[in-house]
Amino acid sequence: MTKTVHHWIGGKTVEGASGDWGPVTDPATGAVTTRVALASVEEVDRAVAAARTAFQTWGTSSLAQRTSILFRFRALLDANRDAIAELITAEHGKVHSDALGEVARGLEIVDLACGITTQLKGELSTQVSNRVDVAAIRQPVGVVAGITPFNFPAMVPMWMFPLAIACGNTFVLKPSEKDPSASLKIAELLAEAGLPDGVFNVLQGDKAAVDRLLEHPDVSAVSFVGSTPIARHIHATASANGKRVQALGGAKNHMLVLPDADLDAAADAAVSAAYGSAGERCMAISAVVAVGAVGDELVDKIRERAEKIKIGPGDDPVSEMGPLITRAHRDKVASYVHGAADQGADVVLDGTGYTVDGYEDGHWIGLSLLDKVSTDSDAYRDEIFGPVLCVLRAGTYEEGVALINASPFGNGTAIFTRDGGAARRFQMEVQAGMVGVNVPIPVPVGYHSFGGWKDSLFGDLHVYGNDGVQFYTRGKVVTTRWPDPSEPHGGVDLGFPRNH
């Protein structure tokens, strides 16, 4: 029997009323297992109205109330890791251990939100003039929306809503319609933790729901993670409607390998970062730049490791990599491998014909490794978002950095070297928002912020960390003067106030 996924509005499940439904498949079998409601404009308005009503009291709630709820939510989230991971695997396809890792990274931001009391401390300057004090405080912005991608259906929402609601905002989440169930499980746990009705809402839907959120007059801020074309649209549309926006786009993350690097460590890192979660990560390493004569040896080491990766259903403990999210996405990823040779690349590994016995209808693809890829080829220029690793060659460090900096993307990058001076120079010269030194996926911990440069970020504030707190609050400065009770009235003074 097909499962049905509805909305979560005002603290309860609300059945979809639009009559429009989307299919959710099990990527390992290709079978449609779930249908998800797709919200109408009226349903979007209902969710925003519930959040707006809840903001009237939540926005002025005490920090003690907010943090006590978040602590209870954290305990429930921790206790339900496996249940959430199972939902992710069933709809996304990633292996269970990877899904558990996603929940763990989301928990880091919940931890940060539990300590919001220190993050929201203001500033006070006393006696800036005679009996005049100046205070700077931060207040919530109101109703905020989160629009999140399919590749991390639990982690990316948790990059947003814990800090947003800890800061006193109410939240409307529009998750991907490809894997919507994890968001509803999170909503149930928040309700069990005691979060008031309407503070957190889940709106299932597609582009129609997104467009209504972007124009809705009662939505004050929008957080987004997804592809660059959609991020650009989100930023332009929401900004034109007077909203603050953080829109994280796509990536083509490079790993520069210098001749002095530990090639075994570099190869291990390249395989883990390129093929983990079937390459469906915005922080995947999709381009290795080999400097000097190390290219051939490095490619051999990557190939040896890649050939040993076990691909299978995400709920099989033996599997190290699962299928891709949809059949259409699998076919698109395969097209880049098929066209690579025509555009001058050496196809070292071609995973496009891979199948799993007993699961022939699943969205399977094997690991592909392309060597001597040119910078004008489609496989290099586009974000493939699959298990395809491109290797490019550079003669010198300077040539390698220039190649990386010429990319329109600037999400993350890494360098592998034993030379501290080269590493320090790289972290200063490379044009990317997140840099790893002998670390392949430089995703910051929760108390630092995540975000890229160039076409990987639209907006000026990154997600979570200090930037996240700043994004979900507005600054206010209050200047106060209380006359001394014994002081006579000073009379009218038309001059500019003096501070001395």
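The values are calculated or read from the model by the stated rules, or taken from the named source; none is laboratory data. On a predicted model such as this, the values are computed, not experimentally measured, just so you know. Note: ideal-geometry Cβ built from the backbone for every residue, glycine included; neighbour counts use all protein chains shown. The area values use the complete protein model at the heavy-atom level, side chains included, leaving out ligands, DNA and RNA. Shrake-Rupley method; radii C 1.70, N 1.55, O 1.52, S 1.80 Å.
For the reader, a short list of remarks on this structure follows.
- Given charges at beta-carbon only (K, R positive; D, E negative), |dipole| of the range 12-65 in Debye: 200
- Computed over the Cα atoms of the chain, the ratio of the radius of gyration to the Kirkwood radius (Rg/Rh) comes to 1.03.
- Stretchable slack from residue 197 to residue 236, in nm (0.36 nm times residue separation minus alpha-carbon distance): 10.9 nm
- Excluding ligands, DNA and RNA, the accessible surface per residue across the range 315-465 is 43 Å² with a 1.4 Å probe.
- The stretch between residue 355 and residue 453 holds 31.5 nm of extra length on full extension. This uses 0.36 nm per residue minus the Cα-Cα distance.
- The residue among 114, 30, 9 whose Cα reaches farthest toward the positive pole of the charge dipole of the range 1-117, with charges on the beta-carbon of Lys, Arg, Asp and Glu, is 114.
- The convex hull drawn around the Cα atoms of the range 311-448, when projected onto a plane and averaged over every direction, covers 10.6 nm².
- Sparse packing (at most 11 other Cβ atoms within 10 Å of the Cβ) combined with a DSSP loop state is found for the following trypsin sites (Lys or Arg not before Pro) in the range 96-162: 121.
- Taking each residue as 0.36 nm, the span from residue 445 to residue 104 lengthens on full extension beyond its C-alpha to C-alpha distance by 121.6 nm.
- Cα gyration tensor shape for the range 1-90, rounded if a/c is under 1.5, else prolate or oblate: oblate
- Relative to its Kirkwood radius, the Cα radius of gyration of the range 368-493 gives an Rg/Rh of 1.31.
- Accessible area per residue in Å² at 1.4 Å probe, computed on the range 1-67: 49
- Set of the range 82-96 residues, backbone N closer than 20 Å to the point 7 Å along the Cα-Cβ line of residue 32: 90-93
- The tail of the calculated P(r) for the range 325-385 beyond 18 Å holds 33 percent of all Cα-Cα pairs.
- Only helices enter the 222 nm calculation for the chain: every DSSP H run of n ≥ 4 contributes -39,500 (n - 2.57), and dividing by all residues gives -11500 deg cm²/dmol, rounded to 500.
- Rg/Rh (Cα only; Kirkwood hydrodynamic radius) as it applies to the range 87-191: 1.17
- Anisotropy class assigned to the range 25-66 is oblate, per the alpha carbon gyration tensor with a/c at or over the 1.5 cut-off and a/b no larger than b/c.
- Look at where the Cα atoms of the range 436-463 and of the range 75-105 average out, and the two centres are 23 Å apart.
- Simple point charges give the picture: +1 on the Cβ of Lys and Arg, -1 on the Cβ of Asp and Glu, and for the range 76-200 a dipole about the Cα centre of about 460 debye.
- Each principal axis of the Cα cloud of the range 156-224 was taken in turn, and the coordinate range along them, longest first, works out to 31, 26, 20 Å.
- Loop-resident sites, the range 422-500, for chymotrypsin sites (Phe, Trp or Tyr not before Pro), counting at most 16 other Cβ within 10 Å (DSSP): 447
- Surface accessible to a 1.4 Å probe, per residue, for the residues of the range 218-305, Å²: 28
- Rounded to the nearest 20, the Cβ-based charge dipole of the chain about its Cα centre (Lys and Arg +1, Asp and Glu -1) stands at 1700 debye.
- Directionally averaged projected area (convex hull, Cα atoms, the range 195-272), nm²: 8.7
- Compactness of the range 221-264 as Cα Rg over 2.2 N^0.38 Å, two decimals: 1.84
- The range 246-326 shape via C-alpha gyration tensor axes, a/c threshold 1.5: oblate
- Within the accessible area of the chain, the carbon and sulfur atoms contribute 52%, probe 1.4 Å, all protein chains present.
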